[in-house]
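To start, I am sharing the structure in question, which I have written as structure tokens.
Here, each number is a calculation from the coordinates, and none is a lab measurement. Please read these numbers as outputs of a predicted model, since none were measured by experiment. All Cβ positions, glycine included, derive from the backbone under ideal geometry; neighbour counts span all protein chains shown.
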Amino acid sequence: MSVDMRSALFYSKRDIFKNKKIFIFITLSIIFATANIIAINGLMDGMIYDFVDNTVESSMGHLNIYPDDNERFIDGLGIKEQKLAGLKEVEAYSPRLSASGVLSYKELSAPIVILAFDPEKEKKVTELLQKLDRGAAINSNDKNAILVSFRLAEELKLDVGDEVDLAFENGKTKIYSVKGIVRTGDKDFDSSTVIMHLNEVNRQLAIDNSASVILIRLSDKDLAGTYKPILIRDLEVNNVKTWKEETEFLLSFADAWKGFTAIISSVGLIAAAISVGIVIYINVHHKRRLIGIMKAIGATDSFIFTVFIIEAALFGVIGVSIGNVVGYFAIRYMETHPFYDAIMQTWISARFGYYLFYNATIISFTTTILAGVYPAIRASRVDIIKAIWGK
């Protein structure tokens, strides 16, 4: 380290520690701004990943087989199920059938989407039947029982035990008993869905050996990309989607939320930067005479500039370092103390990643340095004569 740099560091350290109240105030601003970046982004990542995981676990498989383009159903269901049962990494599968209809209760009616499956197979693939707001799930023996989604039940003023008229898309009607109310947190699903046993819908619509989609659960969901071409080849299907492809819209929505959290984080960061800039600027103003004397005895403009930039850097190093520690413990606390989202009926926690440190450190430290640039430039340009005479 050169003599000039050591001298600049000496003056900077003496200056920032001279007024302890100001030092604590500025340091706390940077600490909380840095910790805020880590905590908010860690919590947002946790919410996104938990939301995606909840969606995958409650409403889709790791791989989903759909009908070919311009086809409504997947035909040859029995053969495809036999082939799926023989694949090594396939743990379970659940064929689903979708149809439309109208649900009526007393004077109220609403268009619905009918979702039909075998409850025993569905339990092995998703947690949909666990997403009950009240009541009980349907089972293999339920021929006249249905589950109704939460918002649909609110719209029709339904409750567990009520008997409703269900008109199928082919015109057939039948009375069913509401066995449970399902609430997944998915707006579209919760607003218009009725869940029924697959065999019952097959009877009413005269459909056999067909499905609207086949959900597949693998031993490891990260194998979905590898297993997709295997399914296409062995089952002779063309339209297969992985869970990542199915949740692309969720991830794009999450990006928008990350932008919103970035705005929130920047507010605290800007406040900290303004504090640093103001304090250094006030120091420059109050020490104009001292700066003039330093210049008179040989201090260069670059030396004066360096002194005040180092001040900003010291604030940044101390504040960011402690802020990282505070942010780390905040994330770890939120990881071990998740909160329950009653709407989605799932637990949400923060997610820790070392990249949170890198981002917070770079952003906070850079912002702090930039906050000190203008006051440092003003200090380096102080006129010797005017400063000494106090003008």
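How much of the DSSP bridge set in the chain is antiparallel, in percent, rounded to the nearest 5?
80
Next question. Counting only chymotrypsin sites (Phe, Trp or Tyr not before Pro) that are in a DSSP loop and have at most 13 other C-beta atoms within 10 Å, tell me the longest site-free stretch of the chain.
Between the exposed loop sites, the longest stretch runs 18-388.
Turning to a different aspect of this structure: Name the GluC sites (Glu not before Pro) in the stretch 140-228 that are in a loop by DSSP and that have at most 13 other C-beta atoms within 10 Å, would you?
E169
Right, another one. Please go through the stretch 35-116 and write out the trypsin sites (Lys or Arg not before Pro) that DSSP classes as loop and that have at most 13 other C-beta atoms within 10 Å.
For trypsin sites (Lys or Arg not before Pro) across the stretch 35-116 that sit outside H, G, I, E and B with at most 13 neighbouring Cβ atoms in 10 Å, the list reads R72, K88, K106.
I've got another one for you. Are there any GluC sites (Glu not before Pro) in the stretch 1-98 that are in a DSSP loop and have at most 13 other Cβ atoms within 10 Å? List them by number.
Sites meeting the loop and neighbour criteria: E71.
Match the structure shown to one of the listed values [x] 100, 50, 36; [y] 86, 55, 34; [z] 69, 59, 39 of Cα extents along the principal axes in Å, computed from it, and give that label.
Structure-derived value, by its label: [x].
Same structure again: Normalised by the empirical 2.2 N^0.38 Å for globular proteins, what value does the Cα Rg of the stretch 19-156 take?
1.68
Counting only DSSP beta bridges with both residues in the stretch 70-237, what percent are antiparallel, rounded to the nearest 5?
Around 75 percent antiparallel, to the nearest 5.
Ok, one more. Roughly how many debye, to the nearest 20, is the charge dipole of the chain about its Cα centre, given +1 on each Lys and Arg Cβ, -1 on each Asp and Glu Cβ, and no other charges?
The dipole of the chain has a size of about 3020 debye.
How big is the charge dipole of the stretch 70-237 about its Cα centre, in debye rounded to the nearest 20, if each Lys and Arg gets +1 on its Cβ and each Asp and Glu gets -1 on its Cβ?
The calculation lands at about 180 debye.
When N is the residue count of the stretch 70-237, what does its C-alpha Rg come to as a fraction of 2.2 N^0.38 Å?
1.08
Now, a different point. To make sure I understand the rule: partners must be aspartates and glutamates, Cα under 20 Å from the Cα of K18, and not fewer than 8 residues away in the same chain. Which ones qualify?
E311
Mind putting together the pair-distance distribution for the stretch 138-236? All Cα pairs, 5 Å bins, whole percent per bin, short to long.
P(r) for the stretch 138-236, in whole percents per bin: 2, 11, 17, 18, 16, 13, 11, 7, 5, 1.
Within a Cβ distance under 13 Å of E163, other residues only, what is the Lys/Arg minus Asp/Glu net charge?
Result for the local shell: 0.
Residues with amide H under 5 Å of I112's amide H, sequence separation 5 or more or different chain, H placed in the peptide plane at 1.01 Å from N; which?
G101, V102, L103
Give the residues of the stretch 37-56 whose amide nitrogen is closer than 16 Å to a point set 7 Å from the Cα of H337 in the direction of its Cβ.
39-40, 43
Still on this structure, please answer the following. Under a Cβ-Cβ cut-off of 15 Å, what is the net charge of the residues other than R233 that fall near it, where Lys and Arg count +1 and Asp and Glu count -1?
Charge balance in the 15 Å sphere: +1.
Using 0.36 nm per residue, how much length does the chain from K13 to K172 gain when fully extended, once their Cα-Cα distance is taken away?
48.8 nm
While we're looking at this one, here's another question. On a straight-distance basis, which aspartates and glutamates could pair with K88 in a cross-link, Cα separation under 13 angstrom, same-chain partners fewer than 8 positions away excluded?
Cross-link targets: D220, D234.
Cross-link candidates for K131: which lysines have Cα within less than 27 Å, leaving aside residues fewer than 8 places away along the same chain?
Straight-distance partners of K131: K106, K121, K123, K143, K157, K174, K179, K187, K221, K241, K244.
How charged is the neighbourhood of Y328? Take every other residue with its Cβ under 14 Å from the Cβ of Y328, and add Lys/Arg as +1 and Asp/Glu as -1.
Local net charge: +1.
Here's something else I'd like to know. Label R381 and D69 with points 7 Å out from Cα along Cα→Cβ: what is the distance between them in nm?
6.4
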